[in-house]
1. So for region 4-11 (the condition being without any contact (Cβ under 8 Å) to a residue 60 or more places away in the chain and in a helix (DSSP H, G or I)), does at least one residue qualify?
2. Among the residues of region 22-42, is any assigned to a loop (DSSP other than H, G, I, E, B) and without any contact (Cβ under 8 Å) to a residue 60 or more places away in the chain?
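The values are calculated or read from the model by the stated rules, or taken from the named source; none is laboratory data. What you see is a predicted model, and the numbers here were worked out from it, not measured in a lab. Ideal geometry is used to build each Cβ from the backbone, glycine not excepted, and the neighbour counts take in all protein chains shown.
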């Protein structure tokens, strides 16, 4: 007889441990699915919000450009130089955006995604560390 022979025989204790383990892993899998759903919906919502802001800004920029062209055309008595001035302003804005793309675009997006992906980890750490104070 081996020391482990009693362990491998079916009994109520082994069945309960196996059932508890299955329940635990099933609960962990369900939790993972819910957390994934929550985080992915926040990411999709953030992307849709950014797209809405970009499209709205573009439409506003078109109207602003048209108003600027109409206003400046009164001073120049022709529209040709005004269109060049407006194009120059847009090129200047594009150059500034490209030079500051790290601060303007990349860092805020990375912060938003990291906040969404790791917000539960940070709140769990605060709960654990908060009781020691």
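1. Here is the first cut: in region 4-11, the residues without any contact (Cβ under 8 Å) to a residue 60 or more places away in the chain are 4-11.
Checking the rest, the ones that are also in a helix (DSSP H, G or I) come to none.
No, that holds for no residue.
2. First pass over region 22-42, keeping only residues assigned to a loop (DSSP other than H, G, I, E, B): none.
No, there is no match, as no residue in region 22-42 is assigned to a loop (DSSP other than H, G, I, E, B) and without any contact (Cβ under 8 Å) to a residue 60 or more places away in the chain.
Residue-wise test of (1) over 30 Å from residue 119 (Cα atoms); (2) surrounded by 10 or more Cβ atoms within 10 Å (Cβ to Cβ); (3) at pLDDT 90 or above; (4) over 34 Å from the mean Cα position of the chain (by Cα).
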| residue | (1), (2), (3), (4) |
| --- | --- |
| 2 | yes, no, no, yes |
| 7 | yes, yes, no, yes |
| 22 | no, yes, yes, no |
| 31 | no, yes, yes, no |
| 46 | no, yes, no, no |
| 65 | yes, yes, yes, no |
| 78 | yes, no, no, yes |
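Conditions (1) part of a helix (DSSP H, G or I); (2) at pLDDT 85 or above; (3) within 19 Å of residue 50 (Cβ to Cβ), marked per residue:
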| residue | (1), (2), (3) |
| --- | --- |
| 74 | yes, yes, no |
| 88 | yes, yes, no |
| 94 | yes, yes, yes |
| 102 | yes, yes, yes |
| 105 | yes, no, yes |
| 110 | yes, yes, yes |
| 115 | yes, yes, yes |
| 128 | yes, no, no |
| 133 | no, no, no |
